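Visitor: To start, I am sharing the structure in question, which I have written as structure tokens.
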Amino acid sequence: MTYFISESVYLFKLPTHLKQYWWDVVALETIDQSNSQAKFDAFIDKFKDFAYFKKFPLTLGLTFDVLIRAPGSDNLIFDNTNLVCVINLGDESSTIKISEQLITLEPCDACWVPLGCTIQLTDTSTKSDIDVLFTIHDTGIQNKLKQSVTLHDFSSSLTYKERIALSHGVCLATDIQTSNEYVASAYLPKSPWREPTLTEIDTLFANHLQPINEKDIGIIKIPNTLFALFSSLNLHQASSHLDLIERLTNTIGKNALIAVEQFVRGIAFSHCDIETKIIFNEPNLTTTTHSPNESCYMGLHIDYMHQQSIFTRHLSPNRISINFGNEDRYFLFVNLTVKEIIHLVKPAQSCTNDELTRQFFELYPDYPVVKLRISPGEAYIAPTQNLIHDGIGPKNSADIHLTFCGRIDLNCGLLRPAASQ
């Protein structure tokens with residue numbers, strides 16, 4: 001139940017199952033002082049689902065934390081700047097003050113206020129048990145990378161700053177000079193590209209103990225013998241897609257395709273059907289994805305190969321794309337899942353991929369796009385039907401890559417993450 005105490009300030013009840021998840025799962029991680037906050041992040045994700053359902057104002061500027069205070073204390077040191085939500089996760093009531101009005105929050109009670117309205121906490125001098133408050137601040141910052149889709153570098157051939165660069169947000173393709181013709185309302189990363197900060201590196205890259213999951217992106221290096229087999233075919237010299245196919249239909253090419261599928265099954269797709277595509281792109285394209293319905297390019301987009309609604313994109317297969325050219329190529333992506341974008345955009349049920357992408361960039365044009373370097377003989381694993389992305393091919397030679405689409409098996413023997421650099 002939600003009820004208003006003023007035009008924009010309202011109280012609500014946290015569902016009991018979320019409080020139980022907190023105490024049964026998340027609190028143990030906090031008590032153990034684990035370096036991982038995976039369970040806390042899972043709690044945040046569950047809360048966002050609830051908040052989206054309740055139509056609370058989710059934005060990119062929100063930060064989440066938990067405040068634990070000992071009983072019998074009159075210490076009020078707490079930064080309540082831009083504090084917009086307080087949820088009582090404890091077993092006793094807790095009191096807050098909004099515009100000089102005292103409000104008692106019983107267990108599971110919560111309060112959400114608009115940005116600019118001040119929430120003050122009172123002391124715990126009358127409490128006999130610990131005070132546990134889940135807090136949400138709204139920084140108002142819309143161009144800061146959020147902790148979400150993470151990178152797992154199993155290759156370790158490049159440093160972090162060699163591996164990625166960040167854009168200055170996005171712009172309409174019509175606003176810049178490009179080598180491609182684009183569909184209407186296509187968006188592209190805004191130049192110039194810049195190096196990531198150390199904080200952004202920590203946000204994007206998983207630590208060496210963190211397991212990969214279906215929403216993350218992996219970078220792998222294929223075996224040297226396999227890459228040498230493909231290199232002997234001189235695929236980068238292909239002048240067209242037909243020429244590329246012909247180079248792969250001789251005995252060496254057929255053996256190479258069999259070997260690469262065995263490799264892909266061994267690292268990720270062990271028990272599923274695989275869709276394979278052989279891709280040829282001309283050199284020096286602004287981006288590489290061609291519209292299936294129009295004779296032009298798409299710009300940043302979400303794949304739509306398996307007819308999933310935008311509301312079930314987390315169920316879509318993953319893609320592995322191997323660079324068999326002789327120059328670096330780049331995978332461009334926004335490090336937010338479709339569900340997280342839905343929380344921010346609040347689209348209609350009939351919303352399409354393209355509409356969701358456009359609405360997100362209209363709301364958050366300054367959010368960075370990540371440019372991920374994939375060297376020859378390397379591959380990325382990514383949920384391309386669950387995030388906004390595109391690609392950039394080589395400047396001087398054909399863009400040659402093989403893609404495999406299937407359901408990633410997390411118990412399949414995927415290479416262990418490389419040690420931190």
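Visitor: Show the residue pairs that are 6+ apart or on different chains and have beta-carbon atoms under 8 Å apart, the first residue being within the stretch 119-131 and over 17 Å from Asp65 (Cβ atoms), the second being in a loop (DSSP other than H, G, I, E, B) and aliphatic (A, V, I, L, M).
Guide: Listed by first residue and then by second, the contacts come to Thr122/Leu76; Asp123/Leu76; Thr124/Ala70.
Visitor: Can we say Leu188 is over 25 Å from Ala268 (Cα atoms) and under 19 Å from the mean Cα position of the chain (by Cα)?
Guide: On the way: over 25 Å from Ala268 (Cα atoms): yes; under 19 Å from the mean Cα position of the chain (by Cα): yes.
Considered against the rule, which asks whether it is over 25 Å from Ala268 (Cα atoms) and under 19 Å from the mean Cα position of the chain (by Cα), Leu188 comes out as yes.
Visitor: Filter the stretch 97-129 for residues that are on the phi > 0 side of the Ramachandran plot and under 37 Å from the mean Cα position of the chain (by Cα) and give the result.
Guide: If the condition is that a residue be on the phi > 0 side of the Ramachandran plot and under 37 Å from the mean Cα position of the chain (by Cα), then Cys108, Gly116 are the ones that fit.
Visitor: Regarding the stretch 20-32, can at least one residue be identified that is in a strand (DSSP E or B), assigned by TED's automatic domain parsing to the domain that holds Asp131, surrounded by 13 or more Cβ atoms within 10 Å (Cβ to Cβ) and at pLDDT 90 or above?
Guide: no
Visitor: Sticking with this structure for a sec: List the strands (runs of 3 or more DSSP E) inside the stretch 274-334, counting only whole elements, that have at least 3 residues being modelled with pLDDT of 95 or more and in the same structural domain as Lys190 (by TED's automatic domain parsing).
Guide: 318-323, 329-333
Visitor: Within the stretch 347-356, is even one residue under 27 Å from Thr286 (Cα atoms), under 17 Å from the mean Cα position of the chain (by Cα) and in the same structural domain as Ile176 (by TED's automatic domain parsing)?
Guide: yes
Visitor: Is one or more of the residues making up the stretch 210-221 modelled with pLDDT under 95 and in contact with a Lys or Arg (Cβ under 7 Å, 6 or more places away or on another chain)?
Guide: Looking for residues that are modelled with pLDDT under 95 and in contact with a Lys or Arg (Cβ under 7 Å, 6 or more places away or on another chain), one finds none in the stretch 210-221, hence no.
Visitor: So Gly90 clears everything in (1) touching a Leu at 6+ places or on another chain (Cβ under 8 Å); (2) assigned to a strand (DSSP E or B); (3) not charged (D, E, K, R) except one condition, right? Which one?
Guide: (2)
Visitor: On the given criteria, is Thr357 in contact with a His (Cβ under 8 Å, 6 or more places away or on another chain), farther than 30 Å from Ala228 by Cβ and in a helix (DSSP H, G or I)?
Guide: Taking the combined requirement at face value, the residue satisfies it.
Visitor: Out of all the residues in the stretch 118-133, is one or more farther than 20 Å from Ile77 by Cα and among the polar types (S, T, N, Q)?
Guide: As a first pass, look at the stretch 118-133 and keep what is farther than 20 Å from Ile77 by Cα: none.
No, the stretch 118-133 has no match at all.
Visitor: Would it be correct to say that Ser36 is touching a helix residue (DSSP H, G or I) at 6+ places or on another chain (Cβ under 8 Å), exposed (fewer than 14 other Cβ atoms within 10 Å of the Cβ) and either at pLDDT 90 or above or closer than 30 Å to Asp366 by Cα (or both)?
Guide: Against the criterion (touching a helix residue (DSSP H, G or I) at 6+ places or on another chain (Cβ under 8 Å), exposed (fewer than 14 other Cβ atoms within 10 Å of the Cβ) and either at pLDDT 90 or above or closer than 30 Å to Asp366 by Cα (or both)), Ser36 qualifies.
Visitor: Continuing with the same structure: In the stretch 303-315, how many residues are surrounded by fewer than 24 Cβ atoms within 10 Å (Cβ to Cβ) and within 15 Å of Cys405 (Cα to Cα)?
Guide: 8
Visitor: List every residue pair whose Cβ atoms sit under 9 Å apart, with the two residues 6 or more apart in sequence or on different chains, where the first one lies in the stretch 351-368 and is more than 21 Å from His168 (Cα to Cα) and the second, anywhere, is small (Gly, Ala, Ser) and in a helix (DSSP H, G or I).
Guide: none
Visitor: Among the residues of the stretch 209-260, write down those that are β-branched (Val, Ile, Thr) and either assigned to a loop (DSSP other than H, G, I, E, B) or without any contact (Cβ under 8 Å) to a residue 12 or more places away in the chain (or both).
Guide: Scanning the stretch 209-260 gives Ile212, Ile222, Thr225, Thr249, Thr251, Ile258.
Visitor: Give the residues of the stretch 129-146 that are touching an Asp or Glu at 6+ places or on another chain (Cβ under 7 Å) and either at pLDDT 95 or above or among the polar types (S, T, N, Q) (or both), sorted by residue number. Steps first, please.
Guide: Looking only at the stretch 129-146, we keep the residues that are touching an Asp or Glu at 6+ places or on another chain (Cβ under 7 Å), and these are 129, 135, 142-143, 145.
Matches in the stretch 129-146: Thr135, Gln142, Asn143.
Visitor: With respect to Lys161, is the statement that it is of a type in the set (D, E, K, R) and either touching a residue at least 60 places away in the same chain (Cβ under 8 Å) or not in a strand (DSSP E or B) (or both) true?
Guide: Yes: the conditions hold for Lys161.
Visitor: Another question, if that's okay. Within the stretch 316-341, restricting attention to residues that are among the aliphatic types (A, V, I, L, M) and within 24 Å of Leu145 (Cα to Cα), which residue is surrounded by the fewest Cβ atoms within 10 Å (Cβ to Cβ)?
Guide: Filtering the stretch 316-341 for residues that are among the aliphatic types (A, V, I, L, M) and within 24 Å of Leu145 (Cα to Cα), the one surrounded by the fewest Cβ atoms within 10 Å (Cβ to Cβ) comes out as Leu332.
Visitor: So, in the stretch 264-273, of the ones that are crowded, with 18+ Cβ neighbours inside 10 Å and outside any loop (DSSP other than H, G, I, E, B), which residue ends up modelled with the lowest pLDDT? Don't jump to the end; show me each part of the working.
Guide: Filtering the stretch 264-273 down to residues crowded, with 18+ Cβ neighbours inside 10 Å leaves 264, 267-269.
Then keep just the ones that are outside any loop (DSSP other than H, G, I, E, B); that gives 264, 267.
Values: Val264: 90, Ile267: 83.
Among residues in the stretch 264-273 that are crowded, with 18+ Cβ neighbours inside 10 Å and outside any loop (DSSP other than H, G, I, E, B), the one modelled with the lowest pLDDT is Ile267.
The values are calculated or read from the model by the stated rules, or taken from the named source; none is laboratory data. Everything numeric here is computed off the predicted structure, so don't read it as measured data. Reconstructed Cβ throughout: ideal geometry from the backbone, glycine too, with neighbour counts over all protein chains shown.
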